[in-house]
Amino acid sequence: MLEIKTSAIIEEYLAYIKNKAFPCVAAKAAQARQHIKCMVADHMACPKDDRVILKFLYDFVDDYRNSKTSFHSAAIIFKEPEFQNEEMFDVLFWQRIQALADLDAENYDYDKRVDDDPSSANFSFSLKEEAFFIIGLHASSSRPARQFRYPTLVFNPHAEFEKLRETNSYNNMKNIVRKRELEFSGSLNPMLADFGDVSEVYQYSGRNYDTNWKCPLKITHARSKNNSPA
């Protein structure tokens with residue numbers, strides 16, 4: 001089996017975003033402004049790339065904070081594995097997110113603008129004291145809009161959504177995305193909710209959770225009230 005070049009994988013991801021039917025207009029805006037940063041890692045189950053991924057995301061945070069324009073995202077694209085179902089992806093999704101959170105806690109506090117309790121309606125994932133809304137993509141997702149050939153973690157700065165709310169642009173964008181999602185997928189994501197209603201962790205991996213599900217993420221940052229001994 002021939003090794004697929006990193007550049008080809010990134011181009012495939014950008015083409016996936018550029019697809020006319022793809023519903024997320026924010027992602028399209030980020031691509032149009034060349035604000036999508038991509039990194040290709042090896043196997044999603046392997047921790048060997050975690051520190052490289054974290055460095056990539058830290059650099060992204062620096063670039064984002066220095067930018068004077070809106071709509072930015074960072075995509076971590078894994079070459080392997082090929083998932084057969086959402087449950088398999090979900091397990092590795094939280095493994096990688098947990099690993100990044102633990103490494104981040106060695107050097108940074110949690111973003112004080114959001115809650116650090118995954119069960120909180122005001123929770124958002126934090127790296128380098130910058131909150132993120134995360135989207136998981138993979139070929140076996142039940143949501144057509146999340147069906148990308150390679151397992152991918154997309155990090156979107158939470159502050160950008162807040163800026164949209166401040167300018168009264170958020171609801172308009174949300175309605176456009178939901179209309180496009182309905183046209184593209186035939187239904188709305190059952191996990192979809194607005195920030196502040198329920199925890200956004202239910203939307204991260206794309207899996208349709210039942211009422212008994214509990215987020216496995218444990219925040220270990222020094223000042224976190226959720227940092228309790230094991």
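A compact table of results
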| read-out | value |
| --- | --- |
| Helical segments meeting 20 Å axial Cα length and Kyte-Doolittle -1.0 threshold in the chain (DSSP H) | 50-66, 86-104 |
| Anchor LYS68: lysines whose Cα lies under 25 Å away (excluding residues fewer than 8 positions away in-chain) | LYS18, LYS28, LYS37, LYS55, LYS112, LYS128, LYS163, LYS174 |
| Radius of gyration, Dmax [segment 93-135; alpha carbons; angstrom] | 9.8, 26 |
| Spatial separation of Cα centroids for segment 1-80 and segment 92-119, in angstrom | 19 |
| Where LEU14, LEU182 fall by accessible area, highest first, once all protein chains stay in place (1.4 Å) | LEU182, LEU14 |
| 1.4 Å probe accessible area per residue over the chain, in Å² | 52 |
| LYS79, LYS37, ranked by accessible area, largest first (probe 1.4 Å) | LYS37, LYS79 |
| DSSP-defined beta bridges in the chain - what % are antiparallel, rounded to 5 | 60 |
| Surface accessible to a 1.4 Å probe, MET88 within the full protein complex, Å² | 80 |
| Under the Debye formula (equal points on every Cα, no solvent term), log10 I(q)/I(0) of the chain at q = 0.09 Å⁻¹ | -0.35 |
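The values are calculated or read from the model by the stated rules, or taken from the named source; none is laboratory data. Predicted model, so just to flag it, every value in this text is computed and none were measured. Accessible surface areas use protein heavy atoms only, side chains included; no ligands, DNA or RNA. Shrake-Rupley method; radii C 1.70, N 1.55, O 1.52, S 1.80 Å.
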